[in-house]
Each structure stands twice: as structure tokens, then as C-alpha cells.
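The values are calculated or read from the model by the stated rules, or taken from the named source; none is laboratory data. Keep in mind that what you see is a predicted model, and the values were worked out from it rather than measured. Here the Cβ positions follow ideal geometry from the backbone for every residue, glycine too, while neighbour counts run over all protein chains shown. Just the protein is used for accessible areas: all its heavy atoms, side chains included, with ligands, DNA and RNA removed. Shrake-Rupley method; radii C 1.70, N 1.55, O 1.52, S 1.80 Å.
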Amino acid sequence: MESGSAVAQAPGALPVLGHLAAFLRAPLPFLRGLPSHGPLVEIRLAGKPVLVVCDPELTRTVLVHDRVFDKGGPLFERLREAGGQGLATCPSGEHRRLRRLIQPAFHHSRFPGYARIMTQRIDTALAGWHDGQTLDLAVEARRLTADIVVSTVFGTGLDPTVHTRLATDFDTLLAGFTRHSLLPGPLRKVPTPGNVRYERATRRVRREMSYLTAEYRAHGTTGEANLLSLLIAARDPASDTPALTDDELVDQAVTMYSAGTETTAGALCWALYLAALHPPVQERLTAEVGTVLGGRTAGWDDLPRLAYTRQVFNEALRMYPPGWFLTRQTEKDTHLGPYPIRQGTTLAYSPYLISHLPGLYPDPERFAPDRWEAAGREPDVPSTVFGGGARKCIGDEFALVEGVLLLASVLSHWEIELHPGSLGLPRLPQLTLNPGRMTATLATRRHHPRPTTAPHGTAR
Ligand code: HEM
């Protein structure tokens, strides 16, 4: 291989463990410290070298060259166990065809319909909260986003028992992914209660989904088009046969649930938390929500006037991007900028690290929604928070619409008093950057009555 610049080694590697202990103990400060060593920095996680990309331009190069820097490595292998050949985990060879088939379900024209479902589900969930109630917002946020994904993927016509069972099983699956992605192989097979639950939930989800798919194929769907019905209807233009097999359909549904639940829930929690810690932000946010919604749940038509809410959500995404550390496997000898990279090398890119570079975001540790001020247009999205290139998040617009509707609606109905020390981070890094716990007490928000015409889909 040609010569080139040498990759910097992160200091402080211990024998055997390398940087694993430092990474597990305090991953965020660890990542923030890496760019000072160079644009590409080698860390060692239990003997395995991983090259962490610490420069925005090199990150873009990795993301754009997705056939060279492909999805792979232990994390993706683990995710494939449950998600099969889902869009997020499949290798680049399968990806283009799948993405082409699934993309229409995320076309902009579908969003008013999805937003209507979101508003309805948010409205129902928030109506179940009561004055003086103490709850864990992290749990509630996850329940809500899970409910929204299940409703948009499978449609709102799903039998409520099936809906609840699917959401519960998917939840067990997701918890299992995280545990399994951290456990060494042999321990994953030990029949601990957690592993048994995980295996059972995986089997049940696949069985339930196969059944639903067969039903949809035989009888069609009732009501509005949903993601599953769109995928079932997709035909292979060459053979005019169904484009996706039943197994592939199951894989896509599992993928959407996994990729679309914890991510948006985490972002919502961080936004609520950060706003609560910054009273001037909180005041401006609740003033906007009060003026625009007057106590209602937010709907699609409200979005253009919830500009500051969007800025707050964006800034929370920048401060704590849910997808925070993602790996790639190098498929052939290549170069990344001046650095020669050998086939088989594991690289990692980190939206968290990039979002905290002072050259991109001055004073990056400061929570400053004003940086997203964009008069008369949608503000940009924080760099790499949704990845990039062909593997960029397909649900980015879905997540932004959902996040703003959720944040505005929660604050429209409820005052949230966070308990001191309310936020508990998980003890080990998770797949997504989420608060593990967030305890708060609710009080009904009082609004000065103002006459409004509720846009469609806003029930309360
Ligand atoms: C705030 C919320 C979200 C964030 C921060 C986020 C972030 C990301 C990131 C960083 C990637 C790229 C992963 C990589 O490069 O390895 C990704 C991919 C993906 N996301 Fe999201 N996501 C969010 C919400 C959603 C939602 C709501 C859905 C679905 C309804 C979704 C579905 C997907 C899928 C299917 C992929 C794989 C795309 C592909 O490879 O073609 N995400 N997401």
C-alpha cells in the first residue's frame, strides 16, 4: 500500500483493555478530547483498534463512500441478528434497491398524514397524564414514540391488543440489542431471564409480523396508507412480482421501530431537560407554544409558527445527538484524506464529537437555541446528526416533525417540574444517547383563553 500520513494514537491506552475503561466510564468527555490529537485518531477497545474520524470533511468522505466504508463490525452483526437485512443494517450491496423501495413512504407528501396520526396519539397519551402526577419522562417519551411508530408503520386500524403486544415486544427487543451489543458471544447464549425474554420477544415479533403481512396481502388494508401497506404494494418492475419477501418486510418493520423510537424519545427528553435548566429559553419556548396553540395539542399546520420550538429541538439534537457513535468496516485498501486505510479496518464517526467542534459551533458546550435562528426558512440540521450520504437517516423529516409536535404539545398541556437530580444517565453507553431516567412532577398549564380555530387533527 502507498505511504501517507500516520494516524495519531490516542494516549492513555492500558494493557489489554486499551481505552475501553475510559470510553465506558465517561464516553462523551473521552470523545471530546480526541480531536486535539489529530483529524483521525486510533483508539483501542479491548485490543481492537478503531479509527475515530475527528474532522467534518473526513466524516463526510466516509459517509459518501458507503461502498468502501460499509456497515459492518460487531455492532452491525448484532443488530442484524434481530433486524435481519433491514435498511439500517444491510450491506451497501443490498441497500440501493431497498432504499428505492422504501423512500416513497417518506416522501414529503406523506407528512401531513403522518402528522395527523402523531397529533392524535400525542393527544390521547397526554390526556392520560394528571395534575400532580410524578412520572419518568424517559419512559413516557419512549412509550409515545413507540406508539407513533407502530401507528404509522402498521396503520391506526391495528387491534389495540396487538398494538400493545407489538410495542411491548419491540421494546424488549431494543433493550436486548443494547445488552447483546456489549456482551461477549458466549454470554449472549446463557439463558438468563433477560436473554430468554429477548429470544421470546424476537420470535413473537416475527410471528406477529408474518401474520399481519399475510393478512394485508390477502385482504389489503383498511383506512389510510401506512408504511407496511406501501411496502407490501411495491412491485419489482422487471418481474411484476412483490418486491419484498415476507421476511424482508418483517426486517424493515423491526428496523423502523428500532431506529425511530429511542432516537426521537431521547431528543425530546434532552430538549425538555435543557430548556428546564435555562429559564430564559423555557420562558420564550412556553410563550411561543402558548401563543400558537393556546392549550391545544400541536398539529401539522402549526409547524411553521413553532420556529423557536424547532430551534430548541435542533439545539438539543446538537448537544446530545441520539446516534452518537457509529462504526464502519473498510471493504478494500483505500485512502481517507492523506491516511492509507487497510481493508478490514474499523472506523467510527461520531455526530456527538462533530457537533462539539468549536470551529463548527462556537462555544459548543453552551445550550444556545439562537444559533439556529433562520428567518423565513427552516433552520439547518446539526451536521451529521442524521448521518450522511446514501445511508443518511430516512426518518430525518419524520423525526423533526414528530419532535417539534411532541415538545410543543407536552409544554402546551403541562408544566414540568424536574426533580433535583432528576436525570440519571445509563451506567454503560447505550446504542443511543439517552437519559436513563428523568423524574418530573406535572401541573396542568393554565392558559389565558384566546379564540382560535383549531387546525384539523388537533383534538383538544
Ligand atoms: C431524532 C431522531 C433520529 C436521529 C438522531 C436519527 C439518526 C440516524 C443516523 C445518525 C443514522 C445513520 C446511521 C449510520 O450512519 O450508521 C440513521 C439512519 C436511519 N434512520 Fe434515523 N434517526 C432518527 C429518527 C429516525 C426515525 C423516526 C426513523 C423511522 C421512522 C429512522 C429510521 C432510520 C433508518 C431506516 C436509517 C437507515 C437508513 C439507511 O441506511 O438507508 N430514524 N438515523
Using the Karplus curve 6.51 cos²θ - 1.76 cosθ + 1.60 with θ = phi - 60°, work out ³J(HN,Hα) for each residue of segment 314-320 in order, rounded to whole Hz, and write x for Gly and Pro.
-> 4, 5, 5, 4, 5, 5, 9
Partners for LYS189 among lysines (Cα-Cα distance below 25 Å; same-chain residues under 8 apart left out) | LYS48, LYS71
Evaluate the Debye formula for the chain with equal point scatterers sitting on the alpha carbons, no solvent, and hand back log10 of I(q)/I(0) at q = 0.05, 0.10, 0.12 Å⁻¹, in q order, two decimals.
-> -0.18, -0.76, -1.11
Would you pull out the residues with amide H under 5 Å of ALA8's amide H, same chain only if 5 or more places away, H placed 1.01 Å from N?
-> LEU40, GLU42
Under-5 Å amide H pairs with TRP414, H placed in peptide plane, nonlocal only = ARG445
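So, for the chain, what is the accessible surface per residue at a probe of 1.4 Å, expressed in square angstrom?
Values: 20120 Å² over 460 residues.
Counting only protein heavy atoms, the per-residue value for the chain is 44 Å².
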Computed E for ARG437/THR245 - FRET, C-beta separation, R0 45 angstrom, nearest 0.05 | 0.65
Positive-end residue of VAL292, THR264, ASN314, charge dipole of segment 175-317 with Cβ unit charges = THR264
What do you get when you divide the Cα radius of gyration of segment 210-315 by 2.2 N^0.38 Å, with N the number of residues?
-> 1.57
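Return the FRET efficiency for the residue pair ARG200, LEU428: r is the Cβ-Cβ distance, R0 is 22 Å, and the value is rounded to the nearest 0.05.
0.40
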Tell me, what ³J(HN,Hα) does each residue in segment 373-380 have, in order and in whole Hz, if you take phi through Karplus 6.51 cos²θ - 1.76 cosθ + 1.60 with θ = phi - 60° and put x for Gly and Pro?
-> 4, 8, 4, x, 8, 5, x, 4
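Given a Förster distance of 41 Å, report the FRET efficiency between ASP333 and SER109 from their Cβ-Cβ distance, rounded to the nearest 0.05.
Details: r = 44 Å, r/R0 = 1.06.
E between ASP333 and SER109, to the nearest 0.05, is 0.40.
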Report ³J(HN,Hα) in whole Hz for each residue of segment 111-120, in order, from the Karplus equation J = 6.51 cos²θ - 1.76 cosθ + 1.60 where θ = phi - 60°; Gly and Pro get x.
-> 5, x, x, 4, 5, 4, 5, 4, 4, 5
Alpha-carbon radius of gyration plus Dmax, which is the widest Cα pair, for segment 63-198 in Å | 18.2, 54
Once amide hydrogens are built 1.01 Å from N within the peptide plane, the residues lying 5 or more places from VAL385 or on another chain with amide H under 5 Å from its amide H are none
Note down the net charge around ASP363, summing +1 for each Lys or Arg and -1 for each Asp or Glu among other residues with Cβ under 14 Å from its Cβ.
-> +1
What does the charge add up to near ARG284, with Lys and Arg as +1, Asp and Glu as -1, over the other residues with Cβ less than 13 Å from its Cβ?
-> -4
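Sum up the charges of everything whose Cβ sits under 12 Å from the Cβ of ASP169, counting Lys and Arg as +1 and Asp and Glu as -1, but leave ASP169 out. Write down the numbers at each step before the final one.
On the way: positive: ARG165, ARG197, ARG200, ARG203, ARG204, ARG206, ARG207; negative: ASP171, GLU199, GLU208.
Net charge in that neighbourhood comes out at +4.
For LEU28, LEU442, LEU187, what's the largest-to-smallest order of accessible area, 1.4 Å probe?
On the way: LEU28 30, LEU442 5, LEU187 90 Å².
Result, largest first: LEU187, LEU28, LEU442.
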Between the alpha carbon centres of segment 17-58 and segment 207-285 the gap in Å comes to 33
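In whole percent, what relative contact order does segment 8-444 give with Cα contacts below 8 Å and a gap of six or more residues? Mind dumping the intermediate values first?
On the way: 657 pairs, mean separation 103.3, N = 437.
Once normalised by length, the contact order is 24 percent.
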Extending each Cα 7 Å along its Cβ direction at THR161 and ALA375, get the distance between those two points in nm, one decimal.
-> 5.9
Solvent accessible area, Å² - THR202, 1.4 Å probe, full protein context = 20
Candidate residues SER3, SER210: accessible-area rank, largest first, probe 1.4 Å | SER3, SER210
Determine the distance separating the Cα centre of segment 94-111 from the Cα centre of segment 376-452; give it in Å without decimals.
-> 25
Tell me, what % of the accessible area of the chain is carbon and sulfur with a 1.4 angstrom probe?
-> 56
Largest-first ranking of VAL52, VAL196, VAL16 by accessible area, probe 1.4 Å, whole protein assembly kept, is VAL16, VAL196, VAL52
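To the nearest 500 deg cm²/dmol, what mean residue ellipticity at 222 nm is calculated for the chain from DSSP H runs of n ≥ 4 alone, each contributing -39,500 (n - 2.57), summed and divided by the residues? Before the final figure, lay out the partial values.
On the way: 17 runs with 222 residues, N = 460.
Taking each H run of at least 4 residues, the total per residue is -15500 deg cm²/dmol.
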